[in-house]
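> Sharing a structure with you now.
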There are 2 protein chains.
Amino acid sequence: MNIRSNPQQTVPAVTTGPLPSSRKIFASPEAAPDLRVPLREIILSEGAGEPNLPVYDTSGPYTDPSVTIDVNAGLARNRKQWVLERGGVEEYEGRQIKPEDNGNLSTDKAARAFSAYHKPLRGLDGHKITQLEFARAGIVTKEMIYVAARENLGRKQQLERAEAALADGESFGASVPAFITPEFVRDEIARGRAIIPSNINHSELEPMIIGRNFLTKINANIGNSAVTSSVEEEVEKMVWAIRWGADTVMDLSTGRNIHTTREWILRNSPVPIGTVPIYQALEKCNGDPVKLTWELYKDTLIEQCEQGVDYFTIHAGVRLQYIHLTASRVTGIVSRGGSIMAKWCLAHHKESFLYTHFDEICDLMRKYDVSFSLGDGLRPGSIADANDRAQFAELETLGELTKIAWDKGCQVMIEGPGHVPMHKIKINMDKQLKECGEAPFYTLGPLTTDIAPGYDHITSGIGAAMIGWFGCAMLCYVTPKEHLGLPDRNDVKTGVITYKIAAHAADLAKGHPAAQLRDDALSRARFEFRWTDQFNLGLDPDTAKSFHDETLPKEAHKVAHFCSMCGPKFCSMKITQDVRDYAATLNDPNSVGMSISGTAEDGMAKMSAKFKEMGESLYLDAEKVKESNRVL
Amino acid sequence: MNIRSNPQQTVPAVTTGPLPSSRKIFASPEAAPDLRVPLREIILSEGAGEPNLPVYDTSGPYTDPSVTIDVNAGLARNRKQWVLERGGVEEYEGRQIKPEDNGNLSTDKAARAFSAYHKPLRGLDGHKITQLEFARAGIVTKEMIYVAARENLGRKQQLERAEAALADGESFGASVPAFITPEFVRDEIARGRAIIPSNINHSELEPMIIGRNFLTKINANIGNSAVTSSVEEEVEKMVWAIRWGADTVMDLSTGRNIHTTREWILRNSPVPIGTVPIYQALEKCNGDPVKLTWELYKDTLIEQCEQGVDYFTIHAGVRLQYIHLTASRVTGIVSRGGSIMAKWCLAHHKESFLYTHFDEICDLMRKYDVSFSLGDGLRPGSIADANDRAQFAELETLGELTKIAWDKGCQVMIEGPGHVPMHKIKINMDKQLKECGEAPFYTLGPLTTDIAPGYDHITSGIGAAMIGWFGCAMLCYVTPKEHLGLPDRNDVKTGVITYKIAAHAADLAKGHPAAQLRDDALSRARFEFRWTDQFNLGLDPDTAKSFHDETLPKEAHKVAHFCSMCGPKFCSMKITQDVRDYAATLNDPNSVGMSISGTAEDGMAKMSAKFKEMGESLYLDAEKVKESNRVL
């Protein structure tokens, strides 16, 4: 891996190059052979005796050595053609960028603007624009074909196994199919049960799908605050997060240079970008929530729609009448967006303008196919406040708003908590499915205890795995710095890996077809002492290798038939290989091995003799074990 | 915290000193006021407006500044008197230490022997010796009184709350009482549902209890292998592990100096020590499982009984007839003890001597009150092998052996897996409860996916939290180095903290009385910007503080009413404080605040005016918020 730096220090340096022993491959879906759907193929060691493993790939062109990365120019804008092809949109002169969009910074303090300005597209009246509208009309878009191919990953070759995995799992009423067709994608979107966040102006996008009948996704939050970090750091954080598996990225920047930071991120992002527009709106009125207006907010929405943001967090469920419900909480309102709106409602003693103008917001977002991520402004910030009346009252309103947005043709997902003890997670999930008509749930954690600041990736990873299993479609990561500071690059990686674990554990438990292929490949590598394959099949090959190297650094140890836990003489996996020999004798009709009841003393003596005879070399060699794995 | 080093480099240097802002306090149980049951009191900042928080304390005298730690002499042997008082034991000349006990090392290579030799005690025929025997006879021992006081921790002052917590939780049929009496402890032990691992020769012990109706416990594994580490490192690892919360420690040493390492650990350990005696027995026959004999194994048991080991992992359920069931597995047999016994069974084609001599093993262990930890030698080593016939066949045999051991008067717990996907965890737990008559379950993880080497504390922390919730009594930690290398000091700490999180999350979900007190105290500190209290109430104050310091290092920031996530202007917790003001007006009969339906325009205008009037200073001061917390 390389860090591409640029002589001009103002252009972000980002991490490029493939992951260890991996190469980018592309699937060509039958329905649209011109599409190139990226996968990562993990190349196993010579003589592994099994095929390389394709895995889902979120990393974009950054891991493709055949692509020249130029952050200054942004990624290729291939998807624009898809949008133009289906028509119903117009290119127009977008809103002028105003000084207030970047916090009224003087020129010398402003970050360098992105190199190019792309005129925005928007939907024309009377035409279908959103994926939801196409789906309802029975039309399969290129985005739908693309995500179907992306999700199928190894399933086609494993259809029989996929059925078995589904039968073995427990999905709590989900409808995961053995094989995903573009038509299945279309139907799930039409039903509101899945979304493809894909602003028509985010032409750099590699589309992905969020829904409980698809692979569980994860989101990484990045963004500077008034206190720390720069444009450069945020772009690299995005590239770094998707390298390790983030399916979407939210830019939660506050403070200055907010428009420019977002532009750099969007023009270089192959994954959907989400934002919370109220943060920028608040910056535009100098941080005073009381001064927020619908006009100012609407102008901010247009600004971000034109830039290509794929989903907006909108806290329209924080209604005036719910605010007093938080007064008796241990931690009150902990959502930034929620607290801003609560303060506005209180100061004016009026219903939230997000709620009263919800129809207009829908009409606007529909024109660009920006998806709703209906924010949980009243989510619990502590175990004590979990599943309380404030939280559930808001959730009921989000259900009501979901139906309005659907009627308007908009794609919708719903945000969830937060802090929830284990025994209240399923109650929360079930209520979301019921109130919101199975619109995808997108939760932050939840954290299952409050007592471990510094380890909240773990307190929340537990809750995330569980809610993913129960039906949550996307898990928003929590980093070790949560509650303590802004995540740096290492924290982003730790957060992403932790959440990949949670999402994958959820997929396994649901019986997701093909999910277990990777576990099995890694376990075989582990059992056969293919150390390098074990590292490379893992979520973080670099860390696995470095941990192994701490005790057994030599290259020879990468093929050693032992590890530092037990040492060379004393290895359970080696001993197991004898057991296989033994079992083989049981299938031999000339063998006495079937008399394993422990009573036939004579049979035992013969077996013992036989074992000694064949067991002169105590361990089978690796080839035989591999052979045995292949047969099984 | 200090590292006490010694001029003689052969004496282990260990970490001493209290945790940040903590002091050791002692409870004196009514039933035995001479007992001093240790607790850690977390001292809150001045003006916190709430009492200091007592928490369970596993760290022993090492965190008590009033005790002079001399690793060379070992800890005070207070418990010997308890054992002698109740009689039925004799002191005798123990087994001579043999060169083979330490791997036949020449004198110059041998680690320094521990300073003192204590003659062992053993039970006399016809007398009650074990906690189980006393419990069945209706006798409450000092150990029972001690653990009752230790478990109650804050419950007495919170009885009403305890009932509410129990009602709110979901314990899947456990019988957690609101308040723990010594008689409840006795009854649970008599029932076989809990154990106090407490070899009569481990006089340094601070007793603790393991059972599903008590707080969920965690174990940390330490131990050198033929490849790495020394006696000194292992003693410090033990002290380090209990500092962060390990309830028991297993010494899994293999290789040389195995007897001496264990002696240093035991003489300095206030927590129960567990071992796997077959490891040492194997060392005595140069690592060749085929040469193991019952006599050699029995001699090793006696050696370790006399030293004071509190529980033995014994893989007596690995029966000859089950071994072929592992042949079709992806990862065969992954338990070291299991694979050793499997190899022995195959080589001799005989039933395991652990199974055929199980009665004798019981009689021996009973004399010292060593508890059984019936090993799961056939546990799954991969997701693919979870809950298979081999695993469950062994579990059924462990159930049969549990009843034999109980009949003999021995305390028993059962070891469990391993690698299990989320949807199979509860099935596993339920089967253990059924087969083993609710004897405490003690599981390694389980890991919920195989794909993250380097992060298996997390893959397994998820499973551990869940199985703890479902009824598992003790969780054996997994460190980040699992599958890759031996844990160092940092790995031990990460493993322990991760498992404290899992155990606490489980206690919360079960509705354990008083568990949530710590979450609530920390959440209040967080909400009130008492940064230092937030750090100190957490499981790892050092890490929390250092994370905070990375972005806001100044001392003044420790009292700042903002954090680096949002910066000074933009804080949801501050805004929430306004909400409290608003809510207060709702309770004011002169207020118009009750008209919150959003229709009474006139009422709204008045409320708005009122808010502006009283809201001149936008944020309440911290005192008012604290006051409001106290009232709620």
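Read-outs throughout are calculated quantities, based only on the coordinates presented, and are distinct from any laboratory measurement. The structure presented is a predicted model; accordingly, all values stated were derived computationally and were not measured. Glycine also receives a Cβ, built like all others from the backbone with ideal geometry; neighbour counts cover every protein chain displayed.
> Simple spin-label model, 7 Å along Cα-to-Cβ: B:Glu163 to B:Ser106 in nm?
7.3
> Write down Rg/Rh for segment B:399-440, rounded to two decimals, with Rg from the C-alpha atoms and Rh from the Kirkwood relation over Cα pairs.
On the way: Rg = 11.7 Å, Rh = 11.1 Å.
With Rg and the Kirkwood Rh in hand, the quotient comes to 1.05.
> When ranked by the protection proxy of mean other Cβ atoms within 10 Å per residue, highest first, what sequence do the peptides B:329-335, B:387-393, B:136-142, B:544-550 form? Don't skip to the end; give the middle numbers.
On the way: B:329-335: 26.9, B:387-393: 18.3, B:136-142: 16.3, B:544-550: 20.0.
Order by mean packing, descending: B:329-335, B:544-550, B:387-393, B:136-142.
> Hey, for A:Asp363 with labels 7 Å out along Cα-Cβ, what do the inter-copy distances come to in nm, ordered shortest first?
9.2
> HN-Hα J couplings of segment A:294-303 from phi, Karplus 6.51/-1.76/1.60, θ = phi - 60°, integer Hz, Gly and Pro as x?
3J(HN,Hα) across segment A:294-303, in whole Hz: 4, 5, 5, 5, 4, 4, 5, 4, 4, 3.
> How many Cβ atoms of partner chains, on average, are near each residue of B:533-541 if near means within 10 Å of its Cβ? The partial results should precede the final answer.
Values: counts 0, 4, 3, 0, 3, 9, 7, 5, 2.
Other-chain Cβ atoms within 10 Å of each residue's Cβ, averaged: 4.
> Once you sort the root eigenvalues of the Cα gyration tensor of segment B:420-555 as a ≥ b ≥ c, which label holds: rounded (a/c under 1.5), prolate (a/b larger than b/c) or oblate (the other case)? Provide the component values of the computation, followed by the final result.
Details: a/c = 2.83, a/b = 1.48, b/c = 1.91.
Judged from the Cα gyration tensor, segment B:420-555 comes out oblate (a/c at least 1.5, b/c at or above a/b).
> Could you grab the relative contact order for segment B:354-462? Cα pairs under 8 Å, six or more apart, rounded to a whole percent.
On the way: 170 pairs, mean separation 29.8, N = 109.
Relative contact order of segment B:354-462: 27 percent.
> Compare the Cα positions of B:Ser106, B:Gly87, B:Ala73 along the charge dipole of segment B:50-123 (+1 at Cβ of Lys, Arg; -1 at Cβ of Asp, Glu; about the Cα centre) and return the one farthest towards the positive end.
B:Ser106
> Follow-up question, since we're still on this one. For A:Glu400, place a label point 7 Å from Cα along the Cα-to-Cβ direction in every copy; what are the distances to the other copies, in nm, shortest first?
Those label-point separations list as 6.4 nm.
> Quote to one decimal, in nm, the extra length available between B:Glu295 and B:Phe179 on full extension: 0.36 nm per residue of separation minus the C-alpha distance between them. Provide the component values of the computation, followed by the final result.
Numbers: separation 116, 0.36 × 116 = 41.76 nm, distance 4.65 nm.
So the extension gain works out to 37.1 nm.
> Another question, then. Going Cα to Cα from A:Lys237, which aspartates and glutamates come in below 13 Å? Please leave out same-chain ones fewer than 8 positions away.
Output for A:Lys237: A:Asp251, A:Asp488, A:Asp491.
> Report, for B:Thr293, each distance to the same residue's label point in the other copies, shortest first and in nm; define the point 7 Å along Cα→Cβ.
9.7
> Here's something else I'd like to know. From the phi of every residue in segment B:59-71, what ³J(HN,Hα) in whole Hz does the Karplus formula 6.51 cos²θ - 1.76 cosθ + 1.60 yield, where θ is phi - 60° and glycine or proline is x?
Karplus values, whole Hz, x for Gly and Pro: 7, x, x, 4, 9, 9, x, 7, 9, 8, 8, 10, 4.
> Also, quick follow-up: In what sequence, highest mean first, do B:452-465, A:433-446 appear when ranked by Cβ atoms within 10 angstrom? Spell out each step's value before the answer.
Values: B:452-465: 29.8, A:433-446: 23.6.
Result, highest mean first: B:452-465, A:433-446.
> For segment B:113-229, report the % of Cα-Cα distances exceeding 26 Å. Please report the intermediate quantities before stating the final value.
Details: 2380 of 6786 pairs.
Summing the P(r) tail past 26 Å for segment B:113-229 gives 35 percent.
> Please give the FRET efficiency for B:Ala116 paired with B:Glu90, using the beta carbon to beta carbon distance and R0 = 22 Å, rounded to the nearest 0.05. It would help to have the intermediate numbers written out before the result.
Values: r = 20 Å, r/R0 = 0.90.
After rounding, the FRET efficiency stands at 0.65.
> Tell me, what HN-Hα J-couplings in whole Hz come from the Karplus equation 6.51 cos²θ - 1.76 cosθ + 1.60 at θ = phi - 60° for each residue of segment B:359-364, using x for Gly and Pro?
Going residue by residue, I get 4, 5, 4, 4, 4, 5 Hz, with x marking Gly and Pro.
> So for the pair A:Ser230, B:Arg77, with labels modelled 7 Å out along Cα→Cβ, what separation do we get in nm?
Roughly 6.6 nm, to one decimal.
> Still on this structure: Under a 5 Å amide H to amide H cut-off, with H placed in plane at 1.01 Å, what residues pair with B:Val55 once short-range neighbours are removed?
It is B:Arg40, B:Glu41, B:Ile42, by chain and number.
> While we're here: Evaluate the distance, in nm, between pseudo-label points positioned 7 Å from the Cα of A:Val67 and of B:Lys98 along their respective Cα→Cβ axes.
6.8
> Now a separate question. Using every pair of alpha-carbon atoms in segment B:6-164, split the distances into 10 Å bins beginning at 0 and state the percent of pairs per bin, rounded to integers.
Taking every Cα pair in segment B:6-164, the percentages come to 8, 24, 29, 24, 12, 4, 0.
> List, in the order given, every pair from A:Lys343/A:Lys434; A:Lys217/B:Lys493; A:Lys426/B:Lys493; B:Lys142/B:Lys367; A:Lys426/B:Lys510; B:Lys493/B:Lys545 whose Cα-Cα distance in the structure shown is over 20 Å.
Numbers: A:Lys343/A:Lys434 30 Å; A:Lys217/B:Lys493 30 Å; A:Lys426/B:Lys493 31 Å; B:Lys142/B:Lys367 18 Å; A:Lys426/B:Lys510 15 Å; B:Lys493/B:Lys545 16 Å.
Exceeds cut-off: A:Lys343/A:Lys434; A:Lys217/B:Lys493; A:Lys426/B:Lys493.
> Another question, then. Taking R0 as 51 Å, what FRET efficiency do you get between B:Ile139 and A:Ser45 from their Cβ-Cβ distance, rounded to the nearest 0.05? Let's see the in-between values first.
Numbers: r = 62 Å, r/R0 = 1.22.
Calculated transfer efficiency: 0.25.
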